[in-house]
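A short worksheet on the structure shown next.
The values are calculated or read from the model by the stated rules, or taken from the named source; none is laboratory data. None of the values given here were measured: they were computed from a predicted structure. Note: ideal-geometry Cβ built from the backbone for every residue, glycine included; neighbour counts use all protein chains shown. Ligands, DNA and RNA are excluded from the accessible area calculation, which covers all protein heavy atoms including side chains. Shrake-Rupley method; radii C 1.70, N 1.55, O 1.52, S 1.80 Å.
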Amino acid sequence: MKIQAVQTTLRQLRTDAVALFVPEDKKLFDAEMTRLKKIFGNTLDDIVRLENFHGKESETISFLSHKKIPAQRVYLAGVGKVDKISPEQFRRSAASVAKHALSMKLKEVSFRVATSGLENSKITFEDIGKSVTEGAVLSLYTFDKYLTEKKNERSSIKSLTLFDSQAEKVKSLKNIVNKTRIICEGTILARNLANAPANEIYPETLAEAARASADKYGYSAVIWDKKKIEKEGFGGLLAVNAGSARPPRFIILEYNQGQKNLDTIVLIGKGITFDSGGISIKPSTGMAEMKMDMSGAAAVIGTMESAARLSIPLHIVGLIPSTENLPSGSAMKPGDIIRHYGGKTSEVDNTDAEGRLILADALVYATQYNPAAIIDLATLTGACVVALGSHATGMMGNDDGIMKQLTAAGDSTYERVWQLPLFEEYEKQIKSDIADVKNVGGRWAGAITAALFLKKFLPKNKEYKWVHLDIAGTAMLEDALPYTPKGGSGVGVRLLIEFLQNW
Ligand code: BES
Ligand code: ZN
Ligand code: ZN
């Protein structure tokens, strides 16, 4: 799909469909209608009345231009009341226009990035350009590579245009559209990796995908095979891998490597390419979704790729421990004790709490980079889904400043995060009599006890700043959201890029 910013006007633009944003406030709404009636005539009143269009958020109508302008079809897209307007309204409006245009088999859609009437709102021209691009591009995503039938009949939008009449605004719009496209492509990469079945994406191929991205966009990828993982003593990763016929991988990605003047941020992603539960096997209903248990890893790869393409001035390290979690005669068993990288031990009470076991090794490994922040992303607990559903990522950590930054990034990207507490009273739930820690903490507060397990592995030699993001509910969607189809959402990429850009 071609995405472009163009200097033009409604009276000049040649396109299949053009979308105009309309605020709900009566005065602004009427003023816009008066302007539009000069082009489309008084019948516009009838159309708007007949379709019951008021400019409310997510309301869209369309009509044929009857050659009054070169564009064939016109969309009016409501964005709600000006004092409530936010980028999210524009993402949703653009998404609903784009999806409708696709269903009409149109090939080109154009959006007018006008701010007339919005001068008094908090939203800027740049915000609108960015969110319209995001809403349109992300809503048109489909995972259709395995659909072999009716391939030619499926429609697709070939070109997306954002336009304004002023040259200097279009100059900045071009820049915004390009940057936003890069971030959306990172998100789409993460979605594709998550949606790929576990017979396509397993540790070796996940590592290859990361390497391909690194080679293409100029960051480094070092991939450890099983022998190296054994040599380094990643006991958690090896224990979870013990039941699998496929070997594990540890993936180390690095951007701006060796630039000593830059702050280092380490991102860790859970890379379980299929989670059957292991010997503590999961029920078969819903098990197929567990091909997406590498969504944290996918988000880290998508973020590394976008960060490199955007030349973000930070030393960014991405660490991905990756394995399947399967039962077999050689599998890890309940009661086993593991020695992790760095020497701490854990008692396995439930082999389905495997994510924390592989993340523990990576967390200890992360500290050698002397990072300014460590952020891990993991589809870690069902308990987090129970607590927050699919509209907020669970956030826990030991540094309020970084959590505040992530909260702000979550609000502006709408990949929202919500903090849960790490009160020390919860710690006794994961106490073990025979190892340093136990991998499950009983029925209650499961998202918190999982995070406390991870926290246990931060070395005490220094106060490492660490934040854990439990994306179990936000990364794998049962139902579609306005610009996110069901399945892998790619959550984390837009959030982390926003966070890194504001660092
Ligand atoms: N990958 C799952 C968590 C999960 C559940 C992600 C549902 C997305 C949707 C994780 O490895 C797991 O199985 N966790 C267990 C932990 C329990 C055994 C303490 C869980 O949440 O049930
Ligand atoms: Zn599990
Ligand atoms: Zn898991």
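Looking only at segment 348-398, residues that are within 11 Å of ligand 1 (Cβ to nearest atom) and either within 21 Å of ASP436 (Cβ to Cβ) or at pLDDT below 95 (or both) come to 15 in all.
Within segment 312-343, which residues are within 14 Å of ligand 2 (Cβ to nearest atom) and of a type in the set (Val, Ile, Thr)? Correct list: THR323 only. If the condition is being open to solvent by less than 10 Å² (accessible area, probe 1.4 Å), within 16 Å of ligand 3 (Cβ to nearest atom) and closer than 27 Å to ALA435 by Cβ, then segment 456-477 contributes HIS468, LEU469, ASP470. Which ones in segment 305-328 are touching a residue at least 24 places away in the same chain (Cβ under 8 Å) and either within 14 Å of ARG494 (Cβ to Cβ) or out of contact with any strand residue (DSSP E or B) (no Cβ under 8 Å at 6 or more places or on another chain) (or both)? Within segment 305-328, GLU305, SER306, ALA307, ARG309, LEU310, ILE312, PRO313, PRO327, SER328 qualify. Tell me yes or no: at least one residue of segment 353-361 is open to solvent by less than 30 Å² (accessible area, probe 1.4 Å) and of a type in the set (Lys, Arg). There is at least one residue in segment 353-361 that is open to solvent by less than 30 Å² (accessible area, probe 1.4 Å) and of a type in the set (Lys, Arg). VAL386 satisfies every condition listed in (1) open to solvent by less than 30 Å² (accessible area, probe 1.4 Å); (2) within 16 Å of ligand 3 (Cβ to nearest atom) except (1). Is it the case, given these coordinates, that GLU119 is in contact with a Ser or Thr (Cβ under 7 Å, 6 or more places away or on another chain) and either touching a residue at least 60 places away in the same chain (Cβ under 8 Å) or among the charged types (D, E, K, R) (or both)? Spelling it out, it is not the case that GLU119 is in contact with a Ser or Thr (Cβ under 7 Å, 6 or more places away or on another chain) and either touching a residue at least 60 places away in the same chain (Cβ under 8 Å) or among the charged types (D, E, K, R) (or both). Looking only at residues in segment 344-358 that are within 19 Å of THR273 (Cβ to Cβ) and either touching a strand residue (DSSP E or B) at 6+ places or on another chain (Cβ under 6 Å) or not assigned by TED's automatic domain parsing to the domain that holds PRO248 (or both), the one that is farthest from ligand 2 (Cβ to nearest atom) is ILE358.
Could you name every one of the strands (runs of 3 or more DSSP E) located completely within segment 275-347 that has at least 1 residues being within 15 Å of ligand 1 (Cβ to nearest atom)?
On the way: elements: 315-325, 337-339, 345-347.
Qualifying strands (runs of 3 or more DSSP E): 315-325, 345-347.
Confirm whether ILE272 is of a type outside the set (Ser, Thr, Tyr) and either part of a loop (DSSP other than H, G, I, E, B) or within 12 Å of ligand 1 (Cβ to nearest atom) (or both). Against the criterion (of a type outside the set (Ser, Thr, Tyr) and either part of a loop (DSSP other than H, G, I, E, B) or within 12 Å of ligand 1 (Cβ to nearest atom) (or both)), ILE272 qualifies.
Considered as a group, the residues in segment 314-331 that are within 16 Å of ligand 3 (Cβ to nearest atom) and open to solvent by less than 10 Å² (accessible area, probe 1.4 Å) include one that is nearest to ALA435 (Cα to Cα), and that residue is ALA331.
Condition first: closer than 20 Å to ILE69 by Cα and open to solvent by less than 30 Å² (accessible area, probe 1.4 Å). Now tell me which residues in segment 17-38 satisfy that.
Looking only at segment 17-38, we keep the residues that are closer than 20 Å to ILE69 by Cα, and these are 17-22, 31-38.
Within segment 17-38, ALA17, VAL18, ALA19, LEU20, PHE21, VAL22, GLU32, MET33, LEU36 qualify.
Looking across ASN52, ASN120, one residue alone is polar (S, T, N, Q), at pLDDT below 95, surrounded by fewer than 18 Cβ atoms within 10 Å (Cβ to Cβ) and assigned to a loop (DSSP other than H, G, I, E, B). It is ASN120. Just give me the residues in segment 217-237 being touching a residue at least 60 places away in the same chain (Cβ under 8 Å) and open to solvent by 20 Å² or more (accessible area, probe 1.4 Å), in sequence order. Correct list: TYR217, GLY218, GLU232, GLY233.
Give the residues of segment 350-375 that are in a loop (DSSP other than H, G, I, E, B) and within 15 Å of ligand 3 (Cβ to nearest atom), sorted by residue number.
Pass one, segment 350-375, residues in a loop (DSSP other than H, G, I, E, B): 350-354, 370-372.
Hits for segment 350-375 are ASN350, THR351, ASP352, ALA353, GLU354.
Picking from ILE3, ILE61, ILE69, ILE39, which residue would you name as being in contact (Cβ under 8 Å) with a residue 24 or more places away in the chain and either in a strand (DSSP E or B) or in contact with a Pro (Cβ under 7 Å, 6 or more places away or on another chain) (or both)?
Values: ILE61 fails: in contact (Cβ under 8 Å) with a residue 24 or more places away in the chain; ILE69 fails: either in a strand (DSSP E or B) or in contact with a Pro (Cβ under 7 Å, 6 or more places away or on another chain) (or both); ILE39 fails: either in a strand (DSSP E or B) or in contact with a Pro (Cβ under 7 Å, 6 or more places away or on another chain) (or both).
Going through ILE3, ILE61, ILE69, ILE39 in turn, the sole match is ILE3.
Residues in segment 123-164 that are of a type in the set (Gly, Ala, Ser), more than 25 Å from ALA409 (Cα to Cα) and modelled with pLDDT of 95 or more: 1 in all.
Select from segment 262-287 the residues that are open to solvent by less than 10 Å² (accessible area, probe 1.4 Å), β-branched (Val, Ile, Thr) and more than 10 Å from ligand 3 (Cβ to nearest atom) and write down the one among them that is nearest to the chain's Cα centre (by Cα).
Filtering segment 262-287 down to residues open to solvent by less than 10 Å² (accessible area, probe 1.4 Å) leaves 265-273, 275-278.
So of that shortlist, the ones also β-branched (Val, Ile, Thr) come out as 265-266, 268, 272-273.
Subset that is more than 10 Å from ligand 3 (Cβ to nearest atom): 265-266, 268, 273.
On the way: ILE265: 18, VAL266: 17, ILE268: 14, THR273: 17 Å.
Here the answer is ILE268.
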